[in-house]
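Have a look at the structure below, then the notes.
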Amino acid sequence: MKTELIRGNSNTSISLQNPSSTLFSNPQSSLSGALNGCLGSLDGACIEKLLLHCASAFEHNDGTLAQQVMWVLNNVASLVGGPNQRLTSWFLRALISRASKVCPTAMNFDGGSTIWRRNMPVTELAVYVDLIPWHRFGFCASNSAILKAIEGYSKVHILDFSITHCMQWPTLIDALAKRAEGPPSLRITVPSCRPPVPPFLNVSSEEVGLRLSNFAKFRDLPFEFNVIDHGPSSFTSSDHQIMSKESSHDLYFESLLNHLTPSMLDLRDDEALVINCQNWLRYLSDEQRGSNVQDSSLRDAFLCTVKGFNPCIVVVVDEDSDLSAPSLSSRITACFNYLWIPFDALETFLLKDSSQRFEYESDIGHKIENIISFEGVQRIERLESGIKLSQRMRNAGFSSVSFCEDTVGEVRSLLEQHASGWGMKIEEDHMLVLTWKGHNSVFSTAWVPNASMQD
């Protein structure tokens, strides 16, 4: 039997042979006994059981069992079905991609194929980030924390490390323009390139900066936009591949880290410095860079570098799940029990054949494929939970800062504009957490260097 998974404007055909004769005629089959009551079921627990059987097959180099399980999954998966079916489609695509790297002929699948995504206009990106509060939650909490941290400053400099093309800043610019003591001058500095992950934009960072400058001028706010030029990189706005060449991802961040110096960034003593990290730290490798005990990971080195700038605040926002385990089974479990959330949320207000819904879900599929299909330096999605991030920040010499009541109120007002399933709670280290039906989705944290707490 054959299933077709559509990616953007192209079709990728994935052929799976029907293994039912061996699967169900063999009474000793471990799969047949384990799947009693699960065949054709749309229940999340049954689907998770199937996925774990497939992961176990991969981990034990059992290609026959892996193909059997994928055939069963293929009978559940549907890109236009319910949330579990849609999520299963993307897991199946990732599993087949992984299998094709081991046995491409048997799987009849092009392992080199990638999920291609179109470049969005800025106006469409604005709609994209507003679909569910996945991004706006972090924008809202961070901007409110930044506004409080820079009170009394006449000059502000934001180092922005994010994947959403500065969509956070128009709201902040508008708020600064209304500040009672008058608007400060604002500088925003961004890296010249970003990780090759969606959403993708059809204009350059410089063009984004120009649009922000025009908006700031309209709001009578002195504004400057800078791009950190740290040499050629394999990551460009037109590079939509899940992975680049072997080690270029780490080399890109090594290059960026080398350019994060006070002189290159033109840091000034009379400015309030803000470090903004939105869905960014996960793309910095969390693996030790050398063999010596004192050798740190890129993630820790980045935090050490920005701490040395003595910022008035560091805001870190990311998805609240641990998807960095070395074990494929562990990653599949964590991924399946986390990424059902956006699929379920989109089900509440978008039709099953909605192009907006498919585009948003395909971006999640992009992430699933990298988490499941790739290993080593090619696996760039290395998300850690808010709890682990908080421990990392403390180890790096930061102390958490609480969000004020105004911030909490603004976030609650934002969530009221969305489906009733969205909520918010406050956890350890003053962490604000976006929830869907009580399940953690996104965390937002604010930090200052320890020395700042003592001043």
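For region 322-334, indicate whether the set of residues that are touching a His at 6+ places or on another chain (Cβ under 8 Å), buried (at least 20 other Cβ atoms within 10 Å of the Cβ), at pLDDT 95 or above and more than 26 Å from VAL401 (Cβ to Cβ) is non-empty.
no
For GLY386, state whether it is in contact with a helix residue (DSSP H, G or I) (Cβ under 9 Å, 6 or more places away or on another chain) and open to solvent by less than 10 Å² (accessible area, probe 1.4 Å).
Considered against the rule, which asks whether it is in contact with a helix residue (DSSP H, G or I) (Cβ under 9 Å, 6 or more places away or on another chain) and open to solvent by less than 10 Å² (accessible area, probe 1.4 Å), GLY386 comes out as yes.
Taking the condition of a type outside the set (Lys, Arg), over 20 Å from SER78 (Cα atoms) and at pLDDT below 95, does GLY397 pass?
In short, no.
Here's a check for you: in region 160-178, which residue that is in contact (Cβ under 8 Å) with a residue 12 or more places away in the chain and out of contact with any helix residue (DSSP H, G or I) (no Cβ under 7 Å at 6 or more places or on another chain) is surrounded by the fewest Cβ atoms within 10 Å (Cβ to Cβ)?
Per the criteria, the residue is ASP174.
Are there any helices (runs of 4 or more DSSP H) wholly within region 337-455 with 3 or more residues that are more than 30 Å from ALA45 (Cα to Cα), and if so which?
386-395, 405-415, 450-454
One line per residue, one yes/no per condition, for (1) in contact with a Ser or Thr (Cβ under 8 Å, 6 or more places away or on another chain); (2) modelled with pLDDT of 90 or more; (3) of a type in the set (Phe, Trp, Tyr); (4) open to solvent by 60 Å² or more (accessible area, probe 1.4 Å):
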| site | (1), (2), (3), (4) |
| --- | --- |
| SER20 | no, no, no, no |
| PHE24 | yes, no, yes, yes |
| GLN28 | no, no, no, yes |
| LEU65 | yes, yes, no, no |
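Please work out which one of (1) small (Gly, Ala, Ser); (2) more than 21 Å from THR189 (Cα to Cα); (3) modelled with pLDDT under 90 is the condition SER255 fails and give its number.
With respect to (1) small (Gly, Ala, Ser); (2) more than 21 Å from THR189 (Cα to Cα); (3) modelled with pLDDT under 90, SER255 is out only on (2).
With respect to ASN75, is the statement that it is farther than 29 Å from PRO342 by Cβ, open to solvent by 40 Å² or more (accessible area, probe 1.4 Å), modelled with pLDDT of 55 or more and of a type outside the set (Gly, Ala, Ser) true?
Numbers: farther than 29 Å from PRO342 by Cβ: no; open to solvent by 40 Å² or more (accessible area, probe 1.4 Å): yes; modelled with pLDDT of 55 or more: yes; of a type outside the set (Gly, Ala, Ser): yes.
Here the answer is no, as ASN75 does not meet what is asked.
For region 117-159, name all the residues that are polar (S, T, N, Q) and open to solvent by 40 Å² or more (accessible area, probe 1.4 Å). So that I can check it myself, show each step before the final result.
Looking only at region 117-159, we keep the residues that are polar (S, T, N, Q), and these are 119, 123, 142-144, 154.
Passing the criteria: ASN119, THR123, SER154.
Any residue at all in region 404-411 that's out of contact with any Phe, Trp or Tyr (no Cβ under 9 Å at 6 or more places or on another chain) and either closer than 18 Å to GLU319 by Cβ or hydrophobic (A, V, I, L, M, F, W, C) (or both)?
yes
Can you tell me which residue is surrounded by the fewest Cβ atoms within 10 Å (Cβ to Cβ) among those in region 425-447 that are without any contact (Cβ under 8 Å) to a residue 24 or more places away in the chain and over 17 Å from the mean Cα position of the chain (by Cα)?
So, considering only residues that are without any contact (Cβ under 8 Å) to a residue 24 or more places away in the chain and over 17 Å from the mean Cα position of the chain (by Cα), the one surrounded by the fewest Cβ atoms within 10 Å (Cβ to Cβ) is GLY438.
Going by the structure shown, is CYS404 open to solvent by 20 Å² or more (accessible area, probe 1.4 Å), in contact (Cβ under 8 Å) with a residue 12 or more places away in the chain and either over 30 Å from SER144 (Cα atoms) or not aromatic (Phe, Trp, Tyr) (or both)?
Yes; evaluated as a whole, the condition is true for this residue.
Where residues in region 346-382 are under 17 Å from ILE332 (Cα atoms) and of a type in the set (Val, Ile, Thr), which of them is modelled with the lowest pLDDT?
Only one residue tops the list, namely ILE380.
The values are calculated or read from the model by the stated rules, or taken from the named source; none is laboratory data. Being a predicted model, the structure only gives us computed values, none of them experimental. Reconstructed Cβ throughout: ideal geometry from the backbone, glycine too, with neighbour counts over all protein chains shown. These accessible areas exclude ligands, DNA and RNA; they are computed on the full protein's heavy atoms, side chains included. Shrake-Rupley method; radii C 1.70, N 1.55, O 1.52, S 1.80 Å.
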